[in-house]
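See structure below.
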Amino acid sequence: MTSSEDLHKRRLAAVAKGVGSVVNAYVDHAHNGTITDVDGREWIDFASGIAVTNVGNAAPRVVEAVRAQVERFTHTCFMVAPYESYVAVCEQLITLTPGSFEKRAALFNSGAEAVENAVKIARHATGRPAVVVFDHAYHGRTNLTMALTAKNMPYKHRFGPFAPEVYRAPMSYPLRDGGLSGAEAARRAIDVIEKQVGGPNVAAVLIEPIQGEGGFVVPAPGFLPAIAAWAKANGAVFIADEIQTGFARTGQWFASEHEALEPDLITTAKGMGGGLPIAGVVGRAELMDAVHAGGLGGTYGGNPIACAAALAAIETMRELDLCSAARKIGATMEEALTDLGEGIAEVRGRGAMIAIELVLPGGIEPDATRTASVSKACHDAGLLTLTCGTYGNVLRFLPPLVISDSDLGRGLDILRAALRT
């Protein structure tokens, strides 16, 4: 069998250097909370392909559904010859997302596509140009979503010029806000929006209910409802980017539910497809239906194989009650990550979306060097972890929601040892 070393040599000769990887171990197979590389080494998975394999890798229902769909047909393009599974996925999005109002949905390929289309819909429906986003935000790698994203390296550096009419407001970041409440942080953000943009010019306010790449930042209670209320009062579309937080990851179907939010539009992807590429925009019918026929779509959007996988993944989430599983995982992780000594400023998150922020002793100055060292120590010991944050000083943990208690415990043992040494 080809070794990881051999595969890496081939990669260096064939794959563009701009495509990075966290580790140079090449995967042979994966199941639930573990990944096995081509050298036979087992890794405990605290990454889930960046919050994608919520139902685990090769989940039985997903495998069965994909196999059956491939045997029937692989592609027709929904815009040419439609099929039931696209409609069924849209029905599931309408049922699962918060909001008692009439909704519509549309399907795409990736999170960035979903965000771009949500912005298109908001601009078309309101006739306004401006989009408000927040410090530390991450929304994708396309030209528009790079403009929406806050972090320069590695996402924006030397890729400009970017799409116009994007404005940035301060986020509620409790650890670094100097004690601001959610209401106070919202007033600060709204003041910036009103002075620099003007309410009548805002098509959409776009926000992650819990920021992902920005550091798993959980805004102070009351911040999100206040921003949503301002958007409603000013005729702007409130868009919740639930690409990383959606589909049971935070202990609810969607993170917006933690503060009883009913966003006008919600973007989804990642955990939605059980490992296959699919994304969606779902929201108020009057907004979604404002776009002319043919204004939304794409050749592969809502591909029948991905739709089959999504329906099977959602069925698995229901059957296994993965919202409860996420809450249990989160409680276990938070308990295990307390009292680990100086240099850990905060353990935060919701459900199975947990992070620790590392700082230099005696304050809150980010410690990116130690963060990278801890993550490497985890990799060396067989635990797959990710870093994130504007300052590169946050370790984020996204285990599959079907991970076993024993694998979760083994992973936490490795993590604690890495932090202590």
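The values are calculated or read from the model by the stated rules, or taken from the named source; none is laboratory data. Just so it is clear, the structure is predicted and the values come from calculations on it, not from any experiment. So basically every Cβ, Gly included, is an ideal-geometry build from the backbone, and we count neighbours across all protein chains shown.
Identify, from the list E342, E346, the residue that is outside the structural domain of E208 (by TED's automatic domain parsing) and in contact with a strand residue (DSSP E or B) (Cβ under 6 Å, 6 or more places away or on another chain).
Details: E342 fails: in contact with a strand residue (DSSP E or B) (Cβ under 6 Å, 6 or more places away or on another chain).
Matching residue, one of E342, E346: E346.
So which residues in segment 376-421 are of a type in the set (S, T, N, Q) and in contact (Cβ under 8 Å) with a residue 24 or more places away in the chain?
First, the residues of segment 376-421 that are of a type in the set (S, T, N, Q): 385, 387, 390, 393, 404, 406, 421.
Residues satisfying the conditions are T385, T390, N393, S404, T421.
Would you mind finding the one in G198, G179, G127 that is surrounded by fewer than 23 Cβ atoms within 10 Å (Cβ to Cβ) and modelled with pLDDT under 95? Give the derivation first.
Numbers: G198 fails: modelled with pLDDT under 95; G127 fails: modelled with pLDDT under 95.
Being surrounded by fewer than 23 Cβ atoms within 10 Å (Cβ to Cβ) and modelled with pLDDT under 95 holds for just one of G198, G179, G127, which is G179.
When you scan segment 130-139, do you find a residue that is touching a strand residue (DSSP E or B) at 6+ places or on another chain (Cβ under 9 Å) and under 23 Å from C90 (Cβ atoms), even just one? Even if it seems obvious, please write down each step before you answer.
Taking segment 130-139 first, the residues touching a strand residue (DSSP E or B) at 6+ places or on another chain (Cβ under 9 Å) are 130-135, 137-139.
Next, only the ones that are under 23 Å from C90 (Cβ atoms) stay: 139.
Yes, segment 130-139 contains a residue that is touching a strand residue (DSSP E or B) at 6+ places or on another chain (Cβ under 9 Å) and under 23 Å from C90 (Cβ atoms).
To keep it simple, each residue is scored yes or no on (1) in contact with a helix residue (DSSP H, G or I) (Cβ under 6 Å, 6 or more places away or on another chain); (2) buried (at least 18 other Cβ atoms within 10 Å of the Cβ); (3) in a loop (DSSP other than H, G, I, E, B).
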{"residue": "G349", "(1), (2), (3)": "no, yes, no"}
{"residue": "T369", "(1), (2), (3)": "no, no, no"}
{"residue": "A372", "(1), (2), (3)": "no, no, no"}
{"residue": "T390", "(1), (2), (3)": "no, yes, yes"}
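One line per residue, one yes/no per condition, for (1) polar (S, T, N, Q); (2) assigned by TED's automatic domain parsing to the domain that holds P174:
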position: A290; (1), (2): no, yes
position: N303; (1), (2): yes, yes
position: A306; (1), (2): no, yes
position: A309; (1), (2): no, yes
position: A312; (1), (2): no, yes
position: A355; (1), (2): no, no
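Filter segment 121-146 for residues that are over 20 Å from A189 (Cα atoms) and either touching a Leu at 6+ places or on another chain (Cβ under 8 Å) or of a type in the set (S, T, Y) (or both) and give the result.
I121, A122, A125, T126, G140, T142, T145, listed by residue number.
Give me a count of the residues in segment 398-413 that are outside any loop (DSSP other than H, G, I, E, B) and in contact with a Ser or Thr (Cβ under 7 Å, 6 or more places away or on another chain). Step through it out loud before you land on a result.
As a first pass, look at segment 398-413 and keep what is outside any loop (DSSP other than H, G, I, E, B): 405-413.
Now drop any that are not in contact with a Ser or Thr (Cβ under 7 Å, 6 or more places away or on another chain), which leaves 407-408.
Total meeting the criteria: 2.
Residues that are at pLDDT 95 or above, more than 30 Å from E5 (Cα to Cα) and not hydroxyl-bearing (S, T, Y): which strands (runs of 3 or more DSSP E) entirely in segment 26-110 hold 1 or more of them?
Values: elements: 27-31, 34-37, 42-45, 103-108.
Qualifying strands (runs of 3 or more DSSP E): 103-108.
Would you mind stating whether C323 is farther than 16 Å from P98 by Cα, touching a Gly at 6+ places or on another chain (Cβ under 9 Å) and hydrophobic (A, V, I, L, M, F, W, C)? It would help to see each step written out before you state the result.
Details: farther than 16 Å from P98 by Cα: no; touching a Gly at 6+ places or on another chain (Cβ under 9 Å): yes; hydrophobic (A, V, I, L, M, F, W, C): yes.
So C323 fails the test.
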